[in-house]
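Inspection log for the structure reproduced underneath, given as C-alpha cells.
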Amino acid sequence: MRFDSWLVELSATPLYLLFVFLLFLAGLHVILVWWKPLDEVLWKKVDYIWLGTAAFGLLAASAQADRLMSQNFLDNVEVPHTISTYESLRDHLMRAGASDSHLCITRYRSPLSPDDFDEIVQTQQKLCAWSRDILSRMPREVPLPFPALEEIGYIPISDVHAKYESWYVEETKRLAEDYRFQRKQYSERVESSEMSLGESLFSIVGPLFLAFALALRITKVSGEIKNAKRKIR
C-alpha cells in the first residue's frame, strides 16, 4: 500500500477507483434494475440522490483545486518574492559595507570640509561598522521557512542620527520592512494552502462520491430503458 488507509488507497489510485466504480455499477444494477426495479416516479427521485452525491464530489474537487493553486502560487510567487526582498536588503548592506563605498572610505579634512565634518565621518563610520557586522551575521541565502530578520542576525539601526546619511538609514528600514511584509504574506499563504480537516475528508471521499453518483446515473438510464420496454410490450 502507498498510504496508511484503505480509504485513501481506494480514492487516490485510479485502478482501485475504477474497480470501486464497477462494483457500485454492478451492485446498483442488481438491486435497482433486476431485484427490486423502480417505477418512473422513483427513478425521477433518484436524480436528487445522484445529483446530491455529485455535489459532494464537486466540493472535494474544489478543495483540491484550491490547495493546488495555493501551492503553485506559493512556490512560483511568494517564495521568489520573499527571497528577492531578502537579497535586496543584503545587497544594500553589502554595497554600504564595501571598502570602496562612500560610507567606509577613509576621509580627510580639507579647507573645503564642512564645519560638522567630524560628526559626518563619525556617522559614516558607525554605519560602515554596523553594515559589516550585520553582513557577517546574516546568511547569504535565507533559509525556508523564512525566519524573522532578528533570528538570522539583523539588528535595526538605533544609535545613528538621521541627519547624516538619512538616505541610507531610511532605505535600510524600507528594505527590512519589505522583507517583513513579504514574509508575512508567505506565512499567510502557507496557512491557506494547508487543508482543514473537513477539506481533507472531502478530498479523500470525493472521488468515491463521484464514482457512486456516476454509477447511479448509469443505473438510472438502464432502469428507465427497462421500464420503457415494458410499456411497449
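The values are calculated or read from the model by the stated rules, or taken from the named source; none is laboratory data. For clarity, every value in this text was computed on a predicted model and none was experimentally measured. Every residue, glycine among them, receives a Cβ derived from its backbone with ideal geometry; neighbour counts consider all protein chains shown. Quick note on the areas: whole protein, heavy atoms, side chains included, nothing else; ligands and nucleic acids left out. Shrake-Rupley method; radii C 1.70, N 1.55, O 1.52, S 1.80 Å.
Only one entry in 101, 131 is part of a helix (DSSP H, G or I), surrounded by 16 or more Cβ atoms within 10 Å (Cβ to Cβ) and among the small types (Gly, Ala, Ser), namely 131.
Among the residues making up the range 119-166, a single one is of a type in the set (Lys, Arg) and under 26 Å from the mean Cα position of the chain (by Cα): 140. Residues of the range 89-148 that are among the polar types (S, T, N, Q) and over 30 Å from residue 185 (Cα atoms): 99, 101, 106, 110, 113, 122, 123, 124, 125.
Going by what's in this entry, would residue 100 be described as over 30 Å from residue 221 (Cα atoms), acidic (Asp, Glu) and under 33 Å from the mean Cα position of the chain (by Cα)? Judged against the criteria, residue 100 is not a match. Only one entry of 211, 129 meets the criterion of being closer than 30 Å to residue 57 by Cβ, small (Gly, Ala, Ser) and out of contact with any strand residue (DSSP E or B) (no Cβ under 6 Å at 6 or more places or on another chain), and that entry is 211. Checked against the criterion of being open to solvent by less than 20 Å² (accessible area, probe 1.4 Å) and either touching a His at 6+ places or on another chain (Cβ under 7 Å) or of a type in the set (D, E, K, R) (or both), the range 192-213 has no qualifying residue.
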